[in-house]
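Report on one structure; see the data block that follows.
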Amino acid sequence: MNRIHLVFCFGLICIFNSCTDKAPQPAAQTTDPEPAVVGKAIVSSISPDKNQTLDIFGSITIKFAQPLNKVISLPVGNPSTLINYKPVLEIISVQGAQFKSTWTADSSQVVLKTDDALKPGSNFVIRIVSHWKEKKNNAWQIVNWQNKEVRETIESPFSTVAGKFQIEATNIAYMYPVANQYHFFPKEYPQGFLKLIKGQSYLFTDSGFDTWVEFQNQTAVITQPLSYSSDNYTITYSIPSSLQNETIYTLVLKRKNKATNETSDLYKYSFRTSKFNKFSDKVASFDLSATVFRKLEIPFRVHSLVQDFSSGEYFDDFELGLRNDTLKSYSPALIVPYAANLIQFSIELGGNDWYDNQINPLLFAPWTDPNFKPALSRDTSRVGAKPTRAMYIARGTGGKLTDGQILANNAPPITQGSLPTLSYMVGPFLNQDFNQIQNILANKYTSGAPSREDKVIWGQFPIMTKGIYRFKMRYRLPNGMISSSVSLSMNNPIG
């Protein structure tokens with residue numbers, strides 16, 4: 001019995017354990033091949049490079065080895081299989097500053113810029129985190145290798161150049177008084193200002209420093225507090241009430257270290273005051289008694305109005321600044337100046353027979369087709385869709401304060417060789433508009449036009465008739481504000 005039992009047991013053991021002469025082997029293990037993007041850089045370069053310096057107005061440029069989110073196919077394994085990958089950005093940040101980003105169309109490069117200048121002599125760190133994704137089972141997922149997600153993390157420190165604790169002329173958008181202005185009106189506007197292109201808050205927000213503005217001449221220094229807006233990068237201060245006429249002043253923005261009492265100039269420039277306190281006072285000195293002439297500009301129907309005048313003070317470059325509009329429909333093209341600096345014009349088109357009874361019904365009355373909006377070939381942002389800014393002062397001489405005059409503290413009144421002229425240039429613009437609209441209507445109504453449009457198609461441009469032509473001379477500050485507006489007129493005696 002014992003023997004039989006042992007044999008039976010041994011047999012059962014053989015059955016369950018598949019008896020063999022060889023030792024038992026472990027189960028086979030499979031491993032995925034290494035992803036093709038392991039060790040493949042996403043970021044190719046950073047400027048400024050690691051530990052380099054950057055100008056306080058500078059920008060950061062980051063280039064990528066492969067445009068972000070662009071799919072590339074790479075072989076993996078043996079035998080190889082093509083796998084789709086794409087680089088994905090997670091984070092770009094700059095420790096210690098706020099930047100705005102501008103990308104190239106293909107997302108292969110980004111430029112980081114600040115609205116506010118970086119503080120000189122300061123340290124910053126660029127941090128970029130990105131990763132690769134692969135497409136598996138029709139879904140994108142982060143590449144994982146050896147139980148880790150394949151990420152690229154870069155930290156690149158840089159510093160800004162030291163010592164730039166001034167305002168540079170290249171960073172100024174505009175100012176009032178204007179640098180080297182010859183005719184600053186002391187009581188025209190109560191506030192002076194200087195607008196920066198890029199903010200420099202660090203100059204004005206450090207509690208360890210005081211800032212103010214000084215008006216200096218040969219005999220006195222007038223001090224005024226200033227304020228700085230971090231929102232619009234503008235320095236403002238009050239214009240002293242005691243500024244003298246026809247006097248050279250140097251305006252200085254000052255900064256003092258409270259701990260050391262060391263004082264520095266942030267920015268300085270010079271200007272000269274006018275004979276008059278206000279622009280309206282200067283206009284009031286004009287002698288406008290000369291006869292108005294109707295001048296033929298384009299044969300034989302298009303005229304301008306011109307009038308010589310004298311003034312108690314003539315004009316500097318900043319008052320007289322002109323731009324040109326080119327009317328290309330004329331042959332040759334007609335170049336028409338218009339006032340576009342401190343002195344500008346606003347024409348009141350109504351109030352005379354020529355405009356009220358001829359031009360307005362022809363060009364500006366409602367069209368029969370309410371959807372008809374004829375497009376003009378000229379740039380209407382210059383003198384307006386209705387050319388209400390088409391005036392200028394001719395032969396106004398001009399000039400500005402020079403370094404020699406500042407050094408000598410001597411800047412005599414600007415002299416005038418011949419009388420300046422007011423030039424009223426509405427006609428050429430309206431005539432060109434009329435011709436273009438006439439052609440558009442003729443093409444629109446090839447057989448039978450409504451009465452309103454028919455008058456244009458078969459009409460002629462109206463010749464200027466006698467009457468009063470009103471306009472305003474306006475003083476426009478560098479920030480766009482109109483500080484004065486004086487109503488004037490020209491009496492055309494020719495019918």
Practice problem: Please identify the longest segment of the chain free of exposed chymotrypsin sites (Phe, Trp or Tyr not before Pro), where exposed means a DSSP state other than H, G, I, E or B and no more than 12 other Cβ atoms within 10 Å. | Solution: 1-299
Quiz item: Normalised by the residues of the chain, what does the relative contact order come to in percent, with Cα pairs under 8 Å and at least six apart?
Solution: 11
Self-check item: Label point distance in nm, residue 53-residue 72, each placed 7 Å from Cα along Cα→Cβ
Solution: 3.6
Practice problem: Measure nothing fancy, just the Cα-based angle from helix 426-444's long axis to the longest principal axis of the chain, in degrees from 0 to 90, nearest 10. | Solution: 60
Practice problem: Would you be so kind as to identify which of 376, 480, 126 lies farthest towards the positive end of the dipole of the chain, taking Lys and Arg as +1 and Asp and Glu as -1 on Cβ and the Cα centre as origin? | Solution: 376
Self-check item: Shape of the chain, Cα gyration tensor, a/c cut at 1.5
Solution: oblate
Quiz item: Can you pick out the pairs among 275/328; 328/444; 100/400; 187/256; 63/256 whose Cα atoms lie more than 31 Å from each other?
Solution: 275/328; 100/400; 63/256
Practice problem: Starting from the Cα of residue 263, step 7 Å along the direction of its Cβ; do the same at residue 103; then give the gap between the two resulting points in nm. | Solution: 5.2
Practice problem: Multiply the residue gap between residue 301 and residue 41 by 0.36 nm, knock off their C-alpha separation, and tell me the result in nm, one decimal place. | Solution: 86.4 nm
Practice problem: Report P(r) for segment 454-495: all Cα-Cα distances, bin width 5 Å, range 0 to the bin holding the largest distance, values in whole percent. | Solution: 6, 17, 13, 13, 11, 13, 12, 9, 5, 1
Quiz item: Of 164/278; 195/268; 386/455; 164/268, which ones are farther than 26 Å apart at the Cα?
Solution: 164/278
Self-check item: segment 277-352, accessible area per residue, ligands and nucleic acids excluded (1.4 Å, Å²)
Solution: 45
Quiz item: If you take the Cα Rg of segment 413-495 and divide it by 2.2 N^0.38 Å, with N the number of residues, what do you get?
Solution: 1.66
Exercise. Grab the beta carbon distance between residue 256 and residue 111, set R0 = 35 Å, and tell me the FRET efficiency rounded to 0.05.
Key: 0.45
Exercise. Could you state the angle between the C-alpha long axis of helix 2-17 and the longest principal axis of the C-alpha atoms of the chain, as a value from 0 to 90 degrees rounded to the nearest 10?
Key: 20
Quiz prompt | Accessible area of the chain belonging to carbon and sulfur atoms, whole % at 1.4 Å probe | solution = 49
Quiz item: In nanometres, what is the gap between the two model label sites at residue 418 and residue 442, each 7 Å from Cα along Cα-to-Cβ?
Solution: 3.9
Quiz item: Using a Förster distance of 60 Å, how high is the FRET efficiency between residue 93 and residue 360, based on the Cβ-Cβ distance and rounded to 0.05?
Solution: 0.50
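The values are calculated or read from the model by the stated rules, or taken from the named source; none is laboratory data. As the structure is a prediction and not an experimental result, all values here were calculated from the model. Every residue, glycine among them, receives a Cβ derived from its backbone with ideal geometry; neighbour counts consider all protein chains shown. Only protein heavy atoms, including side chains, enter the accessible area calculation; ligands, DNA and RNA are left aside. Shrake-Rupley method; radii C 1.70, N 1.55, O 1.52, S 1.80 Å.
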